[in-house]
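To start, the structure under review is shown below, and the notes come after it.
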Amino acid sequence: MIAWFNSLPPTAQMTLFSVLKIVCVLAVLMPMIAYSTLAERKISAWIQDRHGPNRVGPAGIWQPIVDGVKSFLKEDFTPSHVRKAYFWLAPMISMIPALLTIAIIPFGSQLGSQKMVIADLNVGILYTFGIVSLGVYGIVLAGYASNNKYSFLGGIRSSAQMISYEIAMGMSVVALFMVAGSLRLSDLISYQTHCWFIFKQPLAFIIFMISAFAETNRLPFDLPESEQELVGGYHTEYSSMKFALFFMAEYANMIAASAMMVTLFLGGWTLPFGGLDQPAQSIGMGLAQIGIFIAKIVLLMTIFIWVRWMWPRFRYDQLMDLGWRRFIPLSLANILITAVVLWAIA
Amino acid sequence: MDALFYLFAALTLLCGILVIANPFSNNPVTSAMFLVLTIVSMAGLFVLLHAFFLAAVQVLVYAGAVMVLFLFVIMLLDLKEEQRRSIPLFSAGLGLIAVVAIASVIIGRLWKGPFVNSVDQPTMEGATTVLGTKLFSDYVLPFEIVSLVLLVAMIGAILLSKKELK
Amino acid sequence: MSQVGLHHYLVVSALLFSIGLLGVIIRRNVLVIYLSLELMLNAANLALVAFSRFNNNLNGQLIVFFIITVAASEVAVGLALIVALYRKRQTTHVEDLATMRN
C-alpha cells in the first residue's frame, strides 16, 4: 500500500491527499450542521425554561437524524406560479459558498507531513470574501423564483443587507493583515502564537462578529426571514428537501463564519500553553490541535445561538444605519489608527 | 494546465454567448446569471495567468457586488412585458455579419502580430504585495483620481435615484 | 498550437469582445445592452492581464484594477439612470425611447 503510494507522481499524491481531506472535512462538517440544529433547539429550550426535543433517544440525541429522514420523505411541492429553473437552483446555490469557504481554513497544523488545510492560498482572505459575496445569490434567486411579494421582499432585503455588511466586514480585517503582513491564513495563525488578534484588534473583532451575524441572516439581523412580517421571507414557498437545504445552508454559513473568526481572531488551532502553539510533531498533538479548533468553533456557535434567543430583531433602517454610519467609519478609523501605530513603531 | 485553459476559455465564451442570445429565455435575469458565470470562469483564466489578486477582486467586485446590483435592478423593474419581445431577426443578422467581419479582422491581425510568442518563459507573478507597492508608488495619482470617480459616481447615483429632483 | 501562449488568450479576448459587441447591436433591452458592455470591458481586462503576464510587466494588471473600479462606478450611475428612466417611461426597451426622432 505504502510502496504503491510512493510510486505515484507528486501531483497524484497531492490530489489523493486533497480528496481525502475534503472527504474528512465533509464527514465532520455534516454532523456538525445536523447537531447544531439540535443545539439550537436545546439551548433555546433552556433559555425559555422548557425541555426541548427529548423523545427520540436519550435527551433527544437522534432528533437531527429523524428530522433529516422527515425532510426526505415529505412531499416536494413546487407551486405552479414559481419560476421553475431558479426555484430548483436557488437552494443548491445557497449551500455552495459555505462549503467553499471551509476549503481554505487551516483546521489543524499537520498530521505527519500533511498540512491540515485543503488549499493554502496566498490570497486566502480575498478568496473568502469573494466566495462570501457569492452567498447572496442563493437568497436573491430564491426570492425572485418564488414569485411572491413576501419572498421577493426577503430577497431584496437580504441582498442589500449582505452587500452593506460585507463592506464593514472586509474593512475590519484589513487592519489585521496590515499587522500580520500577509493574506495567507496559515501565516496569520503563526503570527498569532504571541498574541491573539482578539486582544490586539478588539474593535475589528466586534465589527467582524456583528457583521457575521448580518451576513448569515441570524437574529438580531434576520430581516430577510422575519416570520412576523414576511411569513418566512425567501423560503416561504419551499418545502421538503429544498427547504432543508436552506436550513442547512444557514448553519453551514454559521460554521464557516465561526471557523473564519477562530482563524482570524482566536488563533486558529493554537492554544498558548503546552507547546500547542507550534506545528505538531506527533499524530496525537496534531489531532489535539484539530480538537482545539473544533472546540473553538463550538464555542462561537453557542454564542451565535445564545444571541438569537436573547435579542429582539432590528428594524430595517436601524440595520442600515448601523452598517453604513457606524461600522464602516469605525473600521476605517481602526485601519487608520493601526497604520499610524505601525508607522510609529517602524 | 493547457486543458484547464481550454476548459475555462470554452466556459467563458459559451456563457458569454448565452448572455446575449439565449435560445430558451429572453429573461434579463438569466442573462445576468450567465454573465456571473462568465466572470467566474474568467477569474479562472486570471488564475492560470498567475494574477491571483485580480482573480479574487474580479469575483469579489464583479460577481459579488456589481452583478448583485444588476439583479437588484432587474428584479425591481418588473420586466414581464419585456420578456415577450423577440429579437428582430433581420437586424440581428446584419449585426452578426458586421461583428463577424470585425472579429475576423482582429483575430487575423492577432495571428500575424509581432507579439505572438514574444516571451518564451513567463515568470511574472501577480502577487498582492508587489501590486500594492506599485499602486501606492507609481500609480498614486490615478489611484486618487479613481477614488474621486467613485465618490462622484456615488453622489450621482444617489441624486438620480431620488424621487423628486429639486 | 502546442503550448498555450499569449495569442490564445488574445483570441479568447477578441471573441469575447465580439460577443459583447454583438449583444450591444442586436439586443433591444437597455439592461442587456449594459450587460454586453460589461462583457466587452471584461474582454479588455483579459487581454491586459495576458499581456502583463507574457511581457513580465505588472502595469497591465494595475490598469485592470482601475478598469474594474471605473466599471463599478459606471454601473452604479448607469443603473440609477435606467431606474430613473423606467420611472418616467415604464420601459427599458430602446425602441420605445425614440422621442428625439419624431
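Averaged across the residues of A:85-95, what count of C-beta atoms belonging to other chains lies within 10 Å of each residue's C-beta?
Numbers: counts 5, 4, 0, 0, 1, 0, 0, 0, 1, 0, 0.
Mean shielding count: 1.
When the Kirkwood hydrodynamic radius is evaluated over all pairs of different C-alpha atoms of the stretch B:2-87, what value in angstrom, to one decimal, is obtained?
Result for the stretch B:2-87 stands at 13.8 Å.
Which of the three applies to chain A, rounded, prolate or oblate, going by the alpha-carbon gyration tensor with a ≥ b ≥ c and a/c under 1.5 meaning rounded? Don't jump to the answer; show the numbers that get you there.
Numbers: a/c = 1.64, a/b = 1.22, b/c = 1.34.
Oblate shape, in that a/c is at least 1.5 and b/c is the bigger or equal ratio.
How would you classify the stretch A:261-346 from its alpha-carbon gyration tensor, with a ≥ b ≥ c the square roots of the eigenvalues: rounded for a/c under 1.5, else prolate if a/b is greater than b/c, otherwise oblate?
On the way: a/c = 4.62, a/b = 1.38, b/c = 3.35.
The shape class here is oblate.
Helix check for chain A. Which DSSP H runs span at least 24 Å along their own axis by Cα, with a mean Kyte-Doolittle hydropathy no less than 1.6?
Details: long enough: A:10-47 (53 Å, 1.17); A:84-102 (30 Å, 1.37); A:149-180 (46 Å, 0.97); A:240-265 (37 Å, 1.28); A:283-310 (41 Å, 1.81); A:328-345 (26 Å, 2.19).
Correct list, ordered by number: A:283-310, A:328-345.
Measuring nothing but how far apart in sequence close Cα pairs (under 8 Å, 6+ apart) lie, relative to its length, the stretch A:1-145 scores a relative contact order of 22 percent. Each residue in A:Asp67, A:Asp321 was given a count of other beta-carbon atoms within 10 angstrom of its own, and listing them fewest first yields A:Asp321, A:Asp67. When only the Cβ of Lys, Arg, Asp and Glu is charged (+1, +1, -1, -1), the dipole of the protein assembly as shown relative to its Cα centre reaches about 800 debye.
If you wrap the protein assembly as shown in the convex hull of its Cα atoms and look at it from every side, the mean projected area works out to 33.3 nm². Which of rounded, prolate or oblate describes the stretch A:195-346 when judged by the alpha-carbon gyration tensor and an a/c cut-off of 1.5? In terms of gyration-tensor shape, oblate. For the stretch A:1-152, dividing the convex hull volume of the Cα atoms by the residue count gives 215 Å³ per residue. Contact order for the stretch A:73-345, expressed relative to its length and based on alpha carbon pairs under 8 Å spaced 6+ residues apart, stands at 28 percent.
Using the beta-carbon distance between C:Gln3 and B:Ile97 and R0 = 22 Å, what value does 1/(1 + (r/R0)^6) give for FRET efficiency, to the nearest 0.05? Don't skip to the answer; put the middle values down first.
Numbers: r = 34 Å, r/R0 = 1.54.
Efficiency for this residue pair is about 0.05.
Model label points for B:Ser161 and C:Phe66, set 7 angstrom from Cα along the Cα-to-Cβ axis, are 2.8 nm apart.
What is the mean projected area of the alpha carbon convex hull for chain C, to one decimal in square nanometres?
Details: hull surface 31.8 nm².
Result: 7.9 nm².
How much FRET efficiency would the formula 1/(1 + (r/R0)^6) give for A:Val307 and A:Ser18, where r is the Cβ-Cβ distance and R0 is 25 Å, rounded to 0.05? Once the sixth-power term is evaluated, E becomes 0.10. With R₀ fixed at 41 Å, the C-beta to C-beta distance from A:His51 to A:Val179 puts the FRET efficiency at about 0.30.
From the mean inverse distance of alpha carbon pairs (Kirkwood) and the Cα radius of gyration, derive Rg over Rh for the stretch A:60-142. Please list the in-between numbers first.
Details: Rg = 18.0 Å, Rh = 15.9 Å.
Rounded to two decimals, Rg over Rh is 1.13.
Counted by neighbouring Cβ atoms within 10 Å, the residues A:Cys24, A:Cys195 run from fewest to most as A:Cys195, A:Cys24.
Quick check on packing: order A:331-337, A:136-142 by the mean number of other C-beta atoms within 10 Å, highest mean leading.
On the way: A:331-337: 16.0, A:136-142: 27.3.
In decreasing order of mean packing, A:331-337, A:136-142 become A:136-142, A:331-337.
Can you put C:Phe51, B:Phe136, A:Phe197 in order of Cβ neighbours within 10 angstrom, beginning with the fewest? Numbers along the way, then the final one.
Details: C:Phe51 21, B:Phe136 10, A:Phe197 24.
Lowest count first: B:Phe136, C:Phe51, A:Phe197.
Every read-out reported here was derived from the displayed coordinates using simple, explicitly stated rules and does not represent laboratory data. Keep in mind that what you see is a predicted model, and the values were worked out from it rather than measured. Cβ: placed from backbone, ideal geometry, glycine included. Neighbour counts: every protein chain shown.
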